[in-house]
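Peer 1: Sending over a structure as structure tokens; questions will come in a sec.
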Amino acid sequence: MKIILNTTQIDKILGDLTSAIASDLDPQQEVAVIGIRSRGEILAQRLSARLSKALGKEVPYGTLDITLYRDDLNSPKGMTQPEVRTTEIGFDIDEKVIILVDDVLYTARSARAAMDALIDLGRPRAIKLAVLVVRPGREVPIQADYAGYQTDAAHNEVVQVNLTESDGKDQVFIE
């Protein structure tokens, strides 16, 4: 196990992402942050709080479950039933700039599934993708609008994000 980000580095990246997002937004635009379950939802909550401070107005956040939108749902490799959890978005996404948050961008299939799910919920003005870690290996033509850390993890390695709220500690490591 090789730790690539610690608590301090993750906190700095979240600050940098907040600054980049805030500087890109038109102050008149409505914005909301939506995290992809499960680590993306935690990062979305943190980003929402930081953006609320930076923009001087409340930035709502929500959680998106993409299980039923995944393209590997019926894959013969998957022997277990997927666990479908709730999508919790307590606001209208129409005409808002949605900051879609995920922990790791790898193949981009999760981001694609999340965009499909969002479009089923309404018509946002724009969807911007923010991720904590980017690694090579894109399978669909989707890139992050806001990326925290670029790793060169090999195809056979796993990038794991641990966050205090779910894992007791903030860190990112490669196995």
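Peer 1: When the helix-only estimate is applied to the chain (DSSP H runs of n ≥ 4, each -39,500 (n - 2.57), divided by the residue count), what is the mean residue ellipticity at 222 nm, nearest 500 deg cm²/dmol?
Peer 2: The helix-only estimate for the chain comes to -9500 deg cm²/dmol at 222 nm.
Peer 1: For residue 85, enumerate residues with amide H under 5 Å from its amide H, sequence gap 5+ or separate chain, H modeled in the peptide plane.
Peer 2: Long-range HN contacts for residue 85: 67.
Peer 1: In addition: Give me Rg over Rh for the chain, both radii from the alpha carbons and Rh done the Kirkwood way, two decimal places.
Peer 2: Taking Rh as the inverse mean 1/r over Cα pairs, Rg/Rh reads 0.95.
Peer 1: Going by amide H atoms built from the backbone, whose H comes under 5 Å of the H on residue 149, apart from near neighbours?
Peer 2: Answer set, sorted by chain and number: 133, 134.
Peer 1: Which of 28, 115, 7 sits closest to the plus end of the dipole of the chain, meaning its Cα is farthest towards the positive end, when Lys and Arg get +1 and Asp and Glu get -1 on the C-beta?
Peer 2: Comparing the listed Cα positions along the dipole, 7 ranks first.
Peer 1: Can you tell which of 173, 55, 17 lies farthest toward the positive end of the dipole of the chain, using +1 and -1 charges on the Cβ of basic and acidic side chains (Lys, Arg; Asp, Glu)?
Peer 2: Ranked along the dipole, the leading option is 173.
Peer 1: I need the shape label for the range 1-42. Rule: rounded when a/c is under 1.5, else prolate if a/b > b/c, else oblate, with a, b, c from the alpha carbon gyration tensor.
Peer 2: oblate
Peer 1: Give me the net charge of residue 157's neighbourhood, meaning all other residues with Cβ under 13 Å from the Cβ of residue 157; Lys, Arg count +1, Asp, Glu -1.
Peer 2: Once positives and negatives cancel, what remains is 0.
Peer 1: Please work out whether the range 108-170 counts as rounded, prolate or oblate from its C-alpha gyration tensor, where a ≥ b ≥ c are the square roots of the eigenvalues and a/c under 1.5 means rounded, while otherwise a/b larger than b/c means prolate and anything else oblate?
Peer 2: oblate
Peer 1: Taking amide H positions as placed 1.01 Å from N in the peptide plane, with prolines and chain starts having none, which residues 5 or more places from residue 99, or on another chain, fall under 5 Å of its amide H?
Peer 2: 32, 33, 34, 128
Peer 1: Order the peptides 45-51, 87-93 from the highest to the lowest mean number of other Cβ atoms within 10 Å of their residues.
Peer 2: 45-51, 87-93
Peer 1: Ok, one more. Between beta-carbons, use under 11 Å as the cut-off and find the net charge around residue 24, counting Lys and Arg +1, Asp and Glu -1.
Peer 2: -1
Peer 1: Then there is this: Using per-residue counts of other Cβ atoms within 10 Å, averaged over each peptide, order 10-22, 145-157 from highest down.
Peer 2: 10-22, 145-157
Peer 1: Highest first, please rank the peptides 131-137, 27-33, 95-101 by the mean number of other Cβ atoms sitting within 10 Å of their residues.
Peer 2: 95-101, 131-137, 27-33
Peer 1: Within 11 Å, Cβ to Cβ, of residue 38, how many net charges do the neighbouring residues add up to if Lys/Arg are +1 and Asp/Glu are -1?
Peer 2: -4
Peer 1: Starting at the first residue of the range 129-140, write each ³J(HN,Hα) from the Karplus equation 6.51 cos²θ - 1.76 cosθ + 1.60 with θ = phi - 60°, in whole Hz, x for Gly and Pro.
Peer 2: Each residue of the range 129-140 in turn: 9, 10, 9, 6, 10, 10, 10, x, x, 4, 10, 10 Hz.
Peer 1: Quick one: length gained pulling residue 16 to residue 86 fully straight, 0.36 nm per residue minus the C-alpha distance?
Peer 2: Using 0.36 nm per residue and subtracting the Cα-Cα distance, I get 22.2 nm.
Any read-out appearing in this document is the output of simple, stated calculations on the displayed coordinates, not a laboratory observation. Note that the coordinates shown come from a computational prediction; the quantities given were computed from them, not determined experimentally. Cβ coordinates were reconstructed from backbone atoms using ideal geometry, including for glycine residues, and neighbour counts include every protein chain displayed.
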